[in-house]
Amino acid sequence: MNRKAHKNKLVKSIFDLTNKVAVITGGTGVLGNSAALSLAEVGVKLVLLTTNKKNGVELEKTILKKGGEISLLEANVLSKISMEEVRDAVLEKFGRLDILLNIAGGNMPGATIGPDQTIFDLELDDFDKVTQLNLNGTVIPSLVFGKVMANQGSGAIINYSSMAVPRVLTRVAGYSASKAAMENFTKWMAVEMATKFSDKIRVNALAPGFFIGNQNRSLLLNEDGTYTERGADIIRNTPMGRFGEPDELNGALHFLCSDASKFMTGAVIPIDGGFNIFSGV
Ligand SMILES: NC(=O)c1ccc[n+]([C@@H]2O[C@H](COP(=O)([O-])OP(=O)(O)OC[C@H]3O[C@@H](n4cnc5c(N)ncnc54)[C@H](O)[C@@H]3O)[C@@H](O)[C@H]2O)c1
């Protein structure tokens, strides 16, 4: 083997994810879809969770056509019983679990402060629901699948946080508070797993900036594709001057899933075109 080929082999091996088994929550959403495709392409065996199987049929077909392996299951991240059913199915089929991506999450209208409202108009029921989804919706799968990892002594959990944690984004009060709690849980669980179970169990997070998804499209873009006022404000505060493309998260995702990051735990990686470090001036 010449030097260059040898070097390439080394570079590949630390990111190698061939035959790893991954559970992905929110797998049929915009970012989940992109993560699933990208992991399937490098040989990860996927168990994709969705609230409605119909939303995953096209993705399933695409992955199978490319020779990938995928099981599409309906499940609710807010139900421990539902997660345990998935765990049993995963263990029966594969006997192990290497990766958990907690991507299910999002915002709710009542937990958002409208343009003519103030914090005192916050609907507490909706604040609760958004907290359930973004915090408990990561905690419950992490407990159920994290225990599998604790028993086998290895695994990587990757949570999807948000720029709403390090920077105050106006209006999205409930979403911000719940993602902040989820980031804290990421760090807490990272310590727990490393100190009580194994240094081979890692818990990290990605903090995406702004990617056009189903939930934020009308907030950021007008029907003719131009920016809304909020969209333009975000672009002005993003040094790269654009929204992200979903596949731009996947490099960091592969890094966190693989041995390339084997001494990293409790970290939160911003992928935001520079939004987080920019003063706006
Ligand atoms: N798009 C962005 O710009 C952006 C930015 C920062 C963070 N995020 C976070 O990334 C994640 C994915 O975002 P997205 O834009 O792909 O959103 P999306 O709405 O396209 O996907 C979210 C997925 O979560 C699923 N989900 C909701 N409730 C569920 C439940 N109870 N059980 C199981 N699944 C459930 C939905 O069905 C959907 O498939 C979210 O956690 C979001 O908060 C997104």
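Each value in this text was obtained by applying a stated rule to the coordinates, not by laboratory testing. None of these values were measured; they are calculated from a predicted model. Glycine gets a Cβ as well: all are built from the backbone with ideal geometry, and neighbour counts include every protein chain shown.
Considering segment 75-113 alone, what residues qualify as being assigned to a loop (DSSP other than H, G, I, E, B), free of Cβ contacts under 8 Å to residues at least 60 places away in the same chain and of a type outside the set (S, T, N, Q)?
Of segment 75-113, the ones assigned to a loop (DSSP other than H, G, I, E, B) are 75-79, 95-98, 103-108, 112-113.
Okay, now just the ones that are also free of Cβ contacts under 8 Å to residues at least 60 places away in the same chain, so 75-76, 95.
The answer is ALA75, GLY95.
I'm trying to understand the selection: among the residues of segment 167-196, which are under 24 Å from HIS254 (Cβ atoms) and among the aromatic types (Phe, Trp, Tyr)?
Matches in segment 167-196: PHE185 only.
Determine which member of the set ASN250, ASN204, ASN276 is assigned to a helix (DSSP H, G or I), closer than 21 Å to ASN102 by Cα and either within 15 Å of the ligand (Cβ to nearest atom) or aromatic (Phe, Trp, Tyr) (or both).
Numbers: ASN204 fails: assigned to a helix (DSSP H, G or I); ASN276 fails: closer than 21 Å to ASN102 by Cα.
Residue meeting the stated conditions: ASN250.
Looking at segment 185-197, which of its residues are crowded, with 16+ Cβ neighbours inside 10 Å and farther than 20 Å from PRO166 by Cβ? Let's see the steps before the verdict.
Filtering segment 185-197 for residues crowded, with 16+ Cβ neighbours inside 10 Å gives 185-187, 189-190, 193-194, 197.
If the condition is that a residue be crowded, with 16+ Cβ neighbours inside 10 Å and farther than 20 Å from PRO166 by Cβ, then MET193, ALA194, PHE197 are the ones that fit.
Go through the residues of segment 114-124 one by one and say whether even a single one is within 16 Å of the ligand (Cβ to nearest atom) and touching a residue at least 40 places away in the same chain (Cβ under 8 Å). Before you say what the answer is, go through the steps one by one.
Taking segment 114-124 first, the residues within 16 Å of the ligand (Cβ to nearest atom) are none.
So far as segment 114-124 goes, no, none of its residues is within 16 Å of the ligand (Cβ to nearest atom) and touching a residue at least 40 places away in the same chain (Cβ under 8 Å).
Which residue, of ILE235, ILE269, is assigned to a strand (DSSP E or B) and either more than 12 Å from the ligand (Cβ to nearest atom) or surrounded by 15 or more Cβ atoms within 10 Å (Cβ to Cβ) (or both)?
Numbers: ILE235 fails: assigned to a strand (DSSP E or B).
Result: ILE269 is the single residue among ILE235, ILE269 that is assigned to a strand (DSSP E or B) and either more than 12 Å from the ligand (Cβ to nearest atom) or surrounded by 15 or more Cβ atoms within 10 Å (Cβ to Cβ) (or both).
Quick check on my filter: what residues within segment 142-166 are more than 9 Å from the ligand (Cβ to nearest atom), within 20 Å of ALA252 (Cβ to Cβ) and not in a strand (DSSP E or B)?
Step one: list which residues in segment 142-166 are more than 9 Å from the ligand (Cβ to nearest atom), which gives 142-158, 165-166.
Subsequent filtering for residues that are within 20 Å of ALA252 (Cβ to Cβ) retains 142, 155-158, 165-166.
Answer for segment 142-166, where residues must be more than 9 Å from the ligand (Cβ to nearest atom), within 20 Å of ALA252 (Cβ to Cβ) and not in a strand (DSSP E or B): SER142, VAL165, PRO166.
If a residue must be out of contact with any Asp or Glu (no Cβ under 6 Å at 6 or more places or on another chain) and within 15 Å of the ligand (Cβ to nearest atom), how many such residues does segment 60-77 contain? Quick ask: steps written out before the conclusion?
Of segment 60-77, the ones out of contact with any Asp or Glu (no Cβ under 6 Å at 6 or more places or on another chain) are 60-69, 71, 73-77.
This time we only want the ones that are within 15 Å of the ligand (Cβ to nearest atom), so: 60, 73-77.
Total meeting the criteria: 6.
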